[in-house]
Amino acid sequence: MALYDPAEQRMISENYVIRWASTGVPQDIELLNNLKVIFTDLGSKDLKREKLFLVCQIIRVGRMDLRETYSRKLSTGLRRPFGISVMDITDITKGKSESDEDKQHFIPVHLAAADNDFLHGMIRKAVEGKDINHKGQGFWVSLKMLWGDLSQVRKDHPHLVDRSTVVARKLGYPEVIMPGDVRNDIYLTLVQGEFDKGNKKTQKNVEVTVCVCDEAGSVVPNVIYHGAGDKPVSEYRSVVYYQQRHQRWMETVKIAVPIEDVHKTHLRFTFRHRSSSDSKDKSERIFSMAFVKLMRPDGTTLRDGEHDLLLYKGDSRKLEDASSYLNLPSTRNVSEPKILPGSSFRVSGGTSGISVSARDSFQISTLVCSTKLTQNVNLLGLLKWRSKPSLLSGNLQKLMNVDGGEVIKFLQDTLDALFSIMMENADTDVYDTLVFDALVFIVGLIADRKFQHFNAVLEAYIRQHFSATLAYKKLVSVLTLYVERVSQGEPCEPLVRTLKALEYVFKFVVRSRRLFAQLYEGKETAEFEQSLQRFFLALNQLMRSPQEGPTLLSQGAALKYLPSILEDVCGIFDSSVLGGLLRDFIGNLPPQRLLKQKLQSLTDIVNSKIFQSYECREMLLHTAVPILQELIEKGEEEDACIELLSNILEVLYKAQKRAEEQSRRRSGGEGRHKERGDSELVKVKKHIQLILDRLLHTVNRRVIVLERENNLRSHYVACMTAILSQMDTDHYSSYIRAFPSRPDLMDFLMETFILFKDLIGKTVYPSDWMVMNMVQNREFLRAINHFAATLTETFLQHSSFELQLWNNYFHLAVAFLTQDSLQLENFSQAKRTSILAKYGDMRATIGAAIRDMWYNLGHRKIEFIPAMVGPILEMTLVPELELRKSTIPIFFDMMLCEYQLTESFSRFEDEILRKLDSEVEGGRGDEQYKQLFESILLSCCQRHPDLAKPGENFVALVTGLLERLLDYRAVMNDENKTYSMSCTVNLLNFYKEIDRQAMYIRYLYKLKDLHVSYENYTEGAYTLLLHARLLKWSDEPNTAPMQGSHSPSLHTQRQLKEALYNQIINYFDQGKMWEEAIHICKELAEQYESEIFDYEMLSDILQREAKFYEKILKVLRPSPDYFAVGYYGQGFPPFLRNKVFIYRGKEYERREDFEMRLLSPFPNAEKLKSTSPPGQDITASPGQYIQCFTVQPVEEAKVQFKGKSIPEQITNFYKANHVQSFSYSRPFMKGPKDPDNEFATMWIERTTFTTAYPLPGILRWFAVTSTATTIISPLENAIETMMKTNEKILSEINRHQNDPSLPVNPLSMLLNGIVDPAVMGGFAKYETAFFQESYLQEHPEDQGNIEKLKDLIAWQTPLLAEGIRIHGRKVTEDLRPFHERMEQCFVQLRAKVESQYGVREMVSLEDRRGGRPRSMAWGPDRDRLSRAGDSAEAAPASRPVPHIPEGEERRSERKENRSSTFFGYRRQDQRQSVSEPLEPKDEKRRLSRNMSESSLSTFDGKQPPASREAAGPQPSASGLSLSPTGFGGRVKSASKAPPLPRKISPTVYETFLEQSDTASGGKAPALPTPDGNKGLKSPPPPPPKSKRLSQL
């Protein structure tokens, strides 16, 4: 088992060998359940391999073929291929997949099937994912990645890696070879071979045997390892592949020969044919041999890589005799031409019996992993320098040409050799420079990225193995010599390399000196310091040079690498001496030369241990700070400047904390120790003062100058914050005193206030950088408070007062207080607790400061009113109770200031109202604030007699506005904008009441935008109209700020009003409110015609007006439904709580859909089932209850329509628009119940709701301002029902006259429901209930109403006659029997009515113009119905009609100029009904809705279903007499009733039912109650169930 890289197609680790017995357990029984291996030495490059696999090669030891029988003796002990297994472990090694020792992985085994299945080839195929049959065989493994070296892993994971765990090393060197890690392994891989079959019939079964032999040919025992976990053997036998000419083994073994024996050993390979038969196999001899020596003649080891070995054949004994082949060549020379197959040659030299086998070939690969045996001649010469001292100089120079990897492998031996040369030649300097250069070369190698992980190895060598006590003298001498040469202008090419290696050179110097001092008890210390000082002086002299070229490079290298030696030399020099040397080192460099390198060098020095010393820091700061100031002011090398300044501040911060801690610790001790601690603190403060004086203003200026997007800005801000954090009160005081003049100080404060405000408003750090933001805030707060004291002391007196400076302070302080990062209530509880514990609530601190500063102003306060009202308001709105309590009184102080000066506080009031609107809308303010504002200001005002009343009014005004604003904000972001619109209206009405026109207009446009977004175009138009009405038709300029999308070019009121009117006309057009659009058009036309004489615009507007007239008559406009909605319970916001609203529904909107829309904002609300007003238990409860039911609009009288013939398309509009009253009827039973006739005892309770404004308006709903309830008697209810029925018949007649294409089925159902007693039962129940003598005796006051009812029954007959006539004209042949049945029923009904109630005749008028159905409009006559026995209004059932001569009648017809037939009657009900009949499917939807609503009503008796069917009234014919009930025509006497018609056949009747269902959605019309609510079915009574039509 090994690790395999598919890209290189080779194993990268040793094999882990497990020997498995045929019994199914390991051969070593102790390994049972303990098979563990750790693959070590894997480096970063190995983990970055694209793919890495764990592979296993399974080799069977036994006979040639498992299938062979035991009938004859078979050869055994053959190593034969059995199979392989692979597992991709890339994700585990790269950390993408978790490695867990408890998780097991199944690895399937791929079996070798064919003779040419080489194991290595099978691995390649398996890795590539090619299909190989594994037959479900495999084994389980668990894997875990372990980090660290082997010793560390054994410590961390003792349960996994113990002494029994096998270690499989990498084939190659680890990334780091630690000193003392001795290794001497040679990995041999049998690659491939090609063997001729010779005199055999088939190819040979070749087995290779490998052994290690000495010079005498004796086998070296136990130096070959099959792999890790296996015992060493003396020889290795390869796998045998059956009858293959070309063999590819790729088998790797490890050769471990002692180092001292390597030079005299060689590898010998022998080849023999293995037979299946044991007898034949024993007779087989070696047919070929190859060998290779492990050591080359030049003393280096065998080269890594492939070797093509020569195969020798001959006598087997000769082939195993070392003396006969060791002098022969072992490998083919690449330059020699390849010998053709089939040829052979005899080896020259007189050796008998051995010849080269040219037909056969054999390749191996070797890899030497040795820390003692090198493959490089030059390195070998240096390591063994003592053997040839004369070649030492050459070998030292040749070291520079040795491959770096080879030197690194032998790092310890190489360094030992170099320092041995130096020590053994201590008396001469012949080799000093060469050894020094060699040392620099090695250190330079380690500095290379390729070998940087060997830094630890070099440091370990210096610490543990280096022992050259005199080396420091020679190293310092050569180093100083190089620097002096360059400083004197002489060329010295190695200096730059030397400076790069300076750190480790000095480590060797210091270590050598310490070893010397230990050995000789500190002798020659002064000489050593002098030598080092000479080196620094030479280096400082070098820094003075202005020369370019090599000198410049040397100076740059010195700046870069000198700080690396400070850790080693700081203990050698006194800190003041070293500080002076470093100051000169930096200061000697000419200005503007190597600026970046100079700053980086200073940064490295600051980060070194030497900068902790006060003396050294003192000198270096006076060098570094002026450089920083100059460069920051110029904006040069800013990255390096920021880094240096940041590091200086960090060192000073730590020094300050350390000194404070020492001072605290010593404060309880003796005075001398306390003084020492205090003196340390004073020293640190002195350095902080230096930074403060020279750099704070510079950094501030730079932050101001830099663009906001510049990344450097945040770094400068961090430096500024760090400087502020280290300043104490003394620093602030001395800094303020240091300004030469008052204007300079004022400029600084002004700059700082503006800068702070900008940084607070647009922070340079991300919002989630809590610590950075809070630290910045803490330091800004300290600075603001210190500067506030300066303001009070220096800029408050009369002569020195600076208004702008104070103004900037207040704005800064408020901005600080209101910034997002301080609003703790927006954070989680944990974060809030953490901030409070560490920083406190800074808002309270700054709030108190603002309050105190305000009161400090004295008589100057008035100069800040009203400018400071907004900022102070913003501060008081912060949701922190104590802050609010302490700052709200400032408002009273402002009121008082202005009142004392002007006897009013109007400017303050205007400003606070204006600012309050924007602040609350922006999310600030709450109910607590409203209450605090009210209570605090009221109490303040009451203590001041002059302000008591105006103050009380002001507080009421503000709290009223606050309440509306909070309501508005609460619903502003709701998905359902219904309540946003209500709150907007509340606000605009409020602003209108208090005469704030700009705010009023602002909210008008917000309301308009809401309406338009919901396609409420009508309401949007009415909203815009409110703004338009504020404007005059004049050329006066606009005073109010422009709102909406109006162009800024509209300068005059006329221009703006005209633009608004055009937009309003468009909205009315989209909302189908063409009547309203016409009014606007007329006003515009008047202007164009009479004021500005723009006839082109007049033409356009008149054309638009004409189109609107046309649309009124031709475009269908469904009337909207109206709904009463009550919001009960304390859970609703105040603007809804316990109030009732009338809502205008959308076109074709079902009540169910409306309710769903209504309830969506209140998911927890409960819907009330009853329509009765709820009791106290509901209205006072904390919950939410919604009541919803349909109401009917009550049309108001239109005087201009009275007595005129008006098309119903015109009148229908006014039945559902411009309505302010709405009714709801609830039937109930009163008196003794008549089970046979419910009409006699069914009363109606009618509730009329009056809204605040007519609908439609600026909202789709308005609150109900008053309600009135009336009771309708059963007789009055019957009259209203009959009137509605007659109106419905008349409407249907006129509809069919106007549009012959209408479907006939609705008319069929309407007529049949009245005339066929089998369907509706007639009106006999009315006669039974009201026309009896007993009723008149009990109710004599109802005589008039009874006559009205009889008159209505009589007038129904001519209407039915005309309807049946039209029906007969349009009925299809399929329904002809149905029509005939209906005609027969009508004949019987007509005879009965005319005999009892007289004859009425409707006059048909013909108009030659193609007319339209008309209706008569009149005033309300509802009151007459409720007055019993009004003799003036009542009339006999029949009355003679004045005679009209025929000629006059014809003249009248011509005068009327009508072509269509129409019927007129007078309408007595101000209630309007549905303006136009809906299409059948809409009728079905509406009626099903109404039927569902009926379940809401509750009453004492049986409740019949309600109905909302009605059609527009029709005009009466001119010149006809009008009956008291309003119908015009002729009244005749009664006649006998004709016989009953025959019954209609069931087949025809059913055909009619199917067609009527298709036309009207399965609903037949029921007779409506007078107000359109579904009430009881009007008579006749219902038919049997089998004959009953479904009712509309």
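Quick rundown of the values:
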read-out	value
Enclosed volume per residue, in Å³, of the convex hull spanned by Cα atoms of region 436-516	80 Å³
Inverse of mean 1/r across different Cα pairs in region 891-952, Kirkwood, Å	12.4 Å
Inter-probe distance in nm under a simple model that places probes 7 Å from Cα toward Cβ, at residue 182 and residue 423	1.8 nm
Accessible surface, per residue, of region 820-900 when the full set of protein chains is kept, probe 1.4 Å, Å²	38 Å²
Efficiency of FRET between residue 1150 and residue 1395 - r from beta-carbon atoms, R0 45 angstrom, step 0.05	0.45
Lys pairs under 17 Å by Cα in region 80-204, provided they are eight or more residues apart or on distinct chains	5
Listed pairs 45/293; 1139/1230; 507/683; 1325/1350 exceeding 24 Å between Cα atoms	45/293; 1139/1230; 507/683
Anisotropy class of region 1122-1240 from Cα gyration tensor, a/c 1.5 cut	oblate
Rg and Dmax of region 698-737, Cα atoms only, in Å	12.1, 35
Leading residue at positive end of dipole, region 556-669 (Cβ point charges), from 585, 659, 559	659
Inverse mean reciprocal Cα-Cα distance (Kirkwood Rh) of region 1230-1367, Å	17.8 Å
For region 827-842, 3J(HN,Hα) per residue [Karplus equation, 6.51 cos²θ - 1.76 cosθ + 1.60, θ = phi - 60°, Hz, x = Gly/Pro]	9, 5, 4, 5, 5, 4, 4, 4, 5, 5, 5, 8, 10, x, 8, 5
Amide hydrogen neighbours beyond the local backbone of residue 331, cut-off 5 Å, H modeled	310
Distance histogram in 10 Å bins (all Cα pairs of region 1246-1292, percent per bin)	23, 26, 30, 21, 0
Compactness index (Cα Rg / 2.2 N^0.38 Å), region 764-851	1.24
Unit Cα scatterers, Debye sum, region 642-763: log10 I(q)/I(0) for q = 0.14, 0.16, 0.17, 0.23 Å⁻¹	-0.69, -0.84, -0.91, -1.31
HN-Hα J in Hz across region 684-695 - Karplus 6.51, -1.76, 1.60, θ = phi - 60°, x for Gly and Pro	5, 4, 4, 5, 4, 4, 4, 4, 4, 5, 8, 10
Of all accessible heavy-atom area on region 1205-1356, the percent that carbon and sulfur account for (1.4 Å)	54 percent
Highest average packing first - 474-481, 113-120, Cβ atoms within 10 Å	474-481, 113-120
Placed amide H near residue 1171: partners under 5 Å, 5+ positions off or other chain	1498
For region 774-820: rounded, prolate or oblate by the Cα gyration tensor [a/c cutoff 1.5]	oblate
Spatial extent of region 920-993: Rg and Dmax, with the Cα atoms as the point set, Å	14.4, 48
Protein accessible area in region 499-566, 1.4 Å probe - carbon and sulfur %	50 percent
Column: log10 I(q)/I(0), Debye, Cα scatterers of region 25-174, q = 0.09, 0.13, 0.15, 0.16 Å⁻¹	-0.38, -0.76, -0.98, -1.08
Amide H within-cut-off set for residue 97, under 5 Å, with H built and near neighbours excluded	92
Volume per residue of the C-alpha convex hull in region 1291-1370, rounded to whole Å³	90 Å³
Prolate/oblate/rounded label for region 864-1013 (Cα gyration tensor, a/c 1.5)	prolate
All Cα pairs of region 1063-1102, percent lying beyond 17 Å	30 percent
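The values are calculated or read from the model by the stated rules, or taken from the named source; none is laboratory data. These numbers come from a predicted model, not from an experiment. FYI the Cβ positions are ideal-geometry reconstructions off the backbone, even for glycines, and counts take in every protein chain you see. Remember, those area values only see protein heavy atoms, side chains included, never the ligands or the DNA or RNA. Shrake-Rupley method; radii C 1.70, N 1.55, O 1.52, S 1.80 Å.
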